[in-house]
Amino acid sequence: MKERLKQAPPKIPDEAKLSWKKGHGDHPLDRYLKEGRIPHIWCPGCGIGIAFTAFIKALEKAEFDQDKTVVVSGIGCSGRAAGYLNLDTYHTTHGRAIPFATGLKLAKPELKTVVFSGDGDLFAIGGNHIIHAARRNVDMTVICINNFNYGMTGGQGGPTTPVEARTTTTPYGCAEHPFNLIYLAKAAGAAYVARWTALHTHELRDSIVEAMSKTGFSFVEVITPCPTGYARRNRLGTGLEIMRFYKENSYITDILEPEDTALLFKGKIAVGKFVDIEKPTFMEMYREYIVQQAENSG
Amino acid sequence: MGYWRLPLDSCEHFITVGKVNIIEYRCKGCGYCIEFCPKDVLEESTYFNEKGYHPPYVKIEGKCINCNFCETICPEFAIFCTELERREIKPEDIITEPEYRHRMRQRKKQD
């Protein structure tokens, strides 16, 4: 073992390094990506790449200023997105993407703040932060990638794992009730709540544009296939088969109440926009009550 | 869906012809673009790329309509469409009269 450690690491030939960089700029979306970072680490068939593309397409479509948009991400597979984007991005500690984004928004209110992270990071480790950011109605957009497990650490069961689903930590099927993220976000007080699957790419892009243009806490849940972690243990097949499942079993609705949109194991998926309300944001309330009173009292 | 005659305002519209560009070394062979292309332009190839996956290739040239769905659904930034030309709508593009007749015949049978 020690002898192996002493050996120098294999040298990468310069040609190989060049081949990683070659072609950067060929793709029309490459100007939003850091040079030399693509190909990314996500597995073949993973839906995070689709949500990531939809986010970049939303930036392109709405022509948001690249210097005025910031992306914060937590830990996990989807947390890697911050490293690939050629914007001002920050990769925070586990679960703390939303407190960081809140501070960013308070310090520089002119920035468009986007949190791009996974279900485990946002709702398990950072569960407290998201409900309080939604309660205060901080002006930010949260894009939550929901793949029903902790993908990066090896497919453990998380807060969104449906009952009966098998994961590494629930080998006989999960016996816990999962969160319904739509209902949770609505109950916590979010101003905009939507859910799409990885197959609804155009709707997802338009939804992200709408969420980013909205002042207030907006939450977009993206249901993505996890072929390596979740689907393999539940025998759901490859990414392509899960996408076919989404095609057959998802329906767009705007009449369902958020409490009826719970996701069951191999069940129907209700997608669409569920909440779109106007509410005074945290900064407006703060200015109205605290700053004015402080000024009046001298 | 097809039309049984050319719509009266067809001269005001056009069909775009696109070119599919595939960046082969980025492809991880998930097959989403092949499956969800609305015109079935792509097909999985038999050769390998640098990573050992089978990238798609364009099966029928000139059939792409530049809808850009492959670009939006590709997780790897490995495929995109560019517009080649815009051409007028010809009757053979949209009229599917034999299909229409066939459908009517089936409907009569059901009745």
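The values are calculated or read from the model by the stated rules, or taken from the named source; none is laboratory data. Owing to the predicted nature of the structure, the values given are computational and were not obtained by experimental measurement. Cβ atoms come from the backbone with ideal geometry, glycine included; neighbour counts cover every protein chain shown. Accessible surface areas use protein heavy atoms only, side chains included; no ligands, DNA or RNA. Shrake-Rupley method; radii C 1.70, N 1.55, O 1.52, S 1.80 Å.
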Restricting region A:22-32 to residues that are in contact with a strand residue (DSSP E or B) (Cβ under 7 Å, 6 or more places away or on another chain) and within 7 Å of chain B (Cβ to nearest Cβ), the residue that is least open to solvent (accessible area, probe 1.4 Å): A:His27
Selection from region B:54-67 of residues that are in contact with a Lys or Arg (Cβ under 9 Å, 6 or more places away or on another chain) and either assigned to a helix (DSSP H, G or I) or within 14 Å of chain A (Cβ to nearest Cβ) (or both): B:Pro55, B:Asn66, B:Cys67
Total residues in region A:235-293, condition within 14 Å of chain B (Cβ to nearest Cβ) and open to solvent by 40 Å² or more (accessible area, probe 1.4 Å): 6
Pick out the one residue from A:Ile145, A:Ile131 that is in contact (Cβ under 8 Å) with a residue 60 or more places away in the chain and among the aliphatic types (A, V, I, L, M). A:Ile145
Among residues of region B:15-32 being part of a helix (DSSP H, G or I) and open to solvent by 20 Å² or more (accessible area, probe 1.4 Å), the residue nearest to the other protein chains (Cβ to nearest Cβ) is B:Tyr25
Anything in region A:44-69 that is open to solvent by 10 Å² or more (accessible area, probe 1.4 Å) and either in a loop (DSSP other than H, G, I, E, B) or more than 14 Å from chain B (Cβ to nearest Cβ) (or both)? List them, or say none. A:Pro44, A:Cys46, A:Ala62, A:Glu63, A:Phe64, A:Asp65, A:Gln66, A:Asp67, A:Lys68
What strands (runs of 3 or more DSSP E) completely inside region A:193-298 contain at least 2 residues that are touching a Leu at 6+ places or on another chain (Cβ under 7 Å)? A:218-223, A:269-276
Counting only residues that are closer than 16 Å to A:Thr281 by Cα and among the hydrophobic types (A, V, I, L, M, F, W, C), which one in region A:115-144 is most open to solvent (accessible area, probe 1.4 Å)? A:Ile131
Check region B:81-102 and report whether any residue there is in a loop (DSSP other than H, G, I, E, B) and open to solvent by less than 30 Å² (accessible area, probe 1.4 Å). no
List pairs: first in region B:29-51 and within 14 Å of A:Ala198 (Cβ to Cβ), second in a loop (DSSP other than H, G, I, E, B) and open to solvent by less than 40 Å² (accessible area, probe 1.4 Å), Cβ under 6 Å, 6+ apart or cross-chain? B:Cys30/A:Gly45; B:Cys33/B:Cys74
Could we say that A:Ser213 is among the small types (Gly, Ala, Ser) and within 14 Å of the chain's Cα centre (by Cα) here? no
Looking at A:Glu164, A:Glu221, A:Glu176, which is the one that is touching a residue at least 24 places away in the same chain (Cβ under 8 Å) and open to solvent by 60 Å² or more (accessible area, probe 1.4 Å)? A:Glu164
Going by the structure shown, is B:Glu50 acidic (Asp, Glu), within 30 Å of A:Arg80 (Cα to Cα) and part of a helix (DSSP H, G or I)? no
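Matching residues to (1) more than 15 Å from the chain's Cα centre (by Cα); (2) buried (at least 19 other Cβ atoms within 10 Å of the Cβ); (3) under 14 Å from A:Phe274 (Cα atoms):
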{"residue": "A:Asn147", "(1), (2), (3)": "no, yes, no"}
{"residue": "A:Gly154", "(1), (2), (3)": "yes, no, no"}
{"residue": "A:Thr160", "(1), (2), (3)": "no, yes, no"}
{"residue": "A:Ala185", "(1), (2), (3)": "no, yes, yes"}
{"residue": "A:Arg205", "(1), (2), (3)": "no, yes, no"}
